[in-house]
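**Student:** Here it is: the structure, laid out below.
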Amino acid sequence: MAAEVLAMAWKAVEPHSYVTWRELLACVMLVASMAIEGAWQPIMLGFSSVEAWGSSDLSNNLLFPVLMLWGGGCLSILLITFGRPVSLWLQLPVQAVVLFLTWRRAPDMCSTALMQHEAAEGIIGGWFEGFNLLLALLPLPCVAPVTESSVLSKCQSVAMMFQLLASFVMTTAGLAVMEYGALHQFAASWAAARGAADPRQAGHWAKLATPAGLERGQHTVLVAVEELGKWGRLRQGVGLLFLMANAWQAVRP
């Protein structure tokens with residue numbers, strides 16, 4: 001909250017310098033929100049009580065993903081990332097650092113009374129077996145056999161998967177789409193303006209506003225986004241499943 005107030009004051013007093021350093025400020029705010037110990041204390045305090053669990057299995061199962069997102073810091077990450085978006089080339093390394101910081105908190109969250117409650121044990125086991133099912137269904141090489149694991153280790157693995165999917169995959173995909181759309185719109189406006197200034201070259205400038213034209217002068221990552229967009233929903237879904245399966249194989253006990 002204090003950082004937001006300072007950022008708003010900076011923007012009002014020195015708008016030019018704010019625009020210059022806006023992205024760096026957003027990255028510092030994001031990393032600090034996960035690195036500062038005090039930011040996690042309200043979460044740990046909330047997880048010290050078991051009153052959140054009810055008598056309904058349905059409500060408990062619906063509550064569990066919310067707890068995983070809140071306890072893993074994912075809600076804060078999503079708010080800061082999409083509230084203060086940065087360029088994709090800067091997003092990737094910063095988000096990797098943030099993911100490392102949140103993964104370090106998984107054992108603390110899973111050791112709380114809320115996650116050690118009997119209501120959570122069955123739900124954690126269900127998510128754990130669900131992620132294991134991906135490994136059984138998809139033709140992945142070198143899949144290690146599933147070993148007996150404690151509820152604590154299962155919880156940590158499930159929490160790390162939630163953090164990976166929500167705070168890294170979702171934010172990266174969202175920013176990639178946003179940045180590609182903004183870049184394409186800017187290129188089209190720029191080409192239209194140049195074409196209006198020189199009608200003889202209108203066709204040339206219009207060509208540069210296409211994805212193929214962007215490939216020569218813009219970020220390679222955004223070209224990859226364009227190529228992924230050509231895959232179609234089915235291929236994109238299968239690709240996401242393979243990504244999830246490989247990630248699960250890396251984080252499971």
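The values are calculated or read from the model by the stated rules, or taken from the named source; none is laboratory data. What you see is a predicted model; the values in this text were computed from it and never measured. Methodologically, a virtual Cβ is constructed for each residue, glycine included, from the backbone with ideal geometry; neighbour enumeration extends over all protein chains shown. Remember, those area values only see protein heavy atoms, side chains included, never the ligands or the DNA or RNA. Shrake-Rupley method; radii C 1.70, N 1.55, O 1.52, S 1.80 Å.
**Student:** Could you please give the count of residues in the range 24-47 that are over 18 Å from PHE100 (Cα atoms) and among the hydroxyl-bearing types (Ser, Thr, Tyr)?
**Tutor:** Qualifying residue count, the range 24-47: 0.
**Student:** So, in the range 163-182, of the ones that are at pLDDT below 80 and in contact with a helix residue (DSSP H, G or I) (Cβ under 8 Å, 6 or more places away or on another chain), which residue ends up least open to solvent (accessible area, probe 1.4 Å)?
**Tutor:** Per the stated criteria, the residue is ALA176.
**Student:** Only one of LEU92, LEU79, LEU30 is part of a helix (DSSP H, G or I), at negative phi, without any contact (Cβ under 8 Å) to a residue 40 or more places away in the chain and under 17 Å from the mean Cα position of the chain (by Cα). Can you tell me which?
**Tutor:** Checking each option against the conditions leaves just LEU79.
**Student:** So, TRP40, is that one open to solvent by less than 20 Å² (accessible area, probe 1.4 Å) and modelled with pLDDT under 85 or not? Before you say what the answer is, go through the steps one by one.
**Tutor:** Details: open to solvent by less than 20 Å² (accessible area, probe 1.4 Å): yes; modelled with pLDDT under 85: yes.
It is true that TRP40 is open to solvent by less than 20 Å² (accessible area, probe 1.4 Å) and modelled with pLDDT under 85.
**Student:** Moving to a separate point now. Can you go through THR112, THR81 and tell me which one is over 25 Å from THR172 (Cα atoms) and of a type in the set (Val, Ile, Thr)? Can you show your working first?
**Tutor:** Values: THR81 fails: over 25 Å from THR172 (Cα atoms).
The unique qualifying residue is THR112.
**Student:** Name every residue in the range 95-137 that is in a loop (DSSP other than H, G, I, E, B) and either open to solvent by 30 Å² or more (accessible area, probe 1.4 Å) or at positive phi (or both), in order of residue number.
**Tutor:** Of all residues in the range 95-137, those in a loop (DSSP other than H, G, I, E, B) come to 104-105, 111-112, 117.
Passing the criteria: ARG104, ARG105, SER111, HIS117.
**Student:** I've got another one for you. Could you tell me whether LEU6 is out of contact with any Cys (no Cβ under 8 Å at 6 or more places or on another chain), free of Cβ contacts under 8 Å to residues at least 12 places away in the same chain and within 19 Å of PHE168 (Cα to Cα)?
**Tutor:** Numbers: out of contact with any Cys (no Cβ under 8 Å at 6 or more places or on another chain): yes; free of Cβ contacts under 8 Å to residues at least 12 places away in the same chain: yes; within 19 Å of PHE168 (Cα to Cα): no.
Spelling it out, it is not the case that LEU6 is out of contact with any Cys (no Cβ under 8 Å at 6 or more places or on another chain), free of Cβ contacts under 8 Å to residues at least 12 places away in the same chain and within 19 Å of PHE168 (Cα to Cα).
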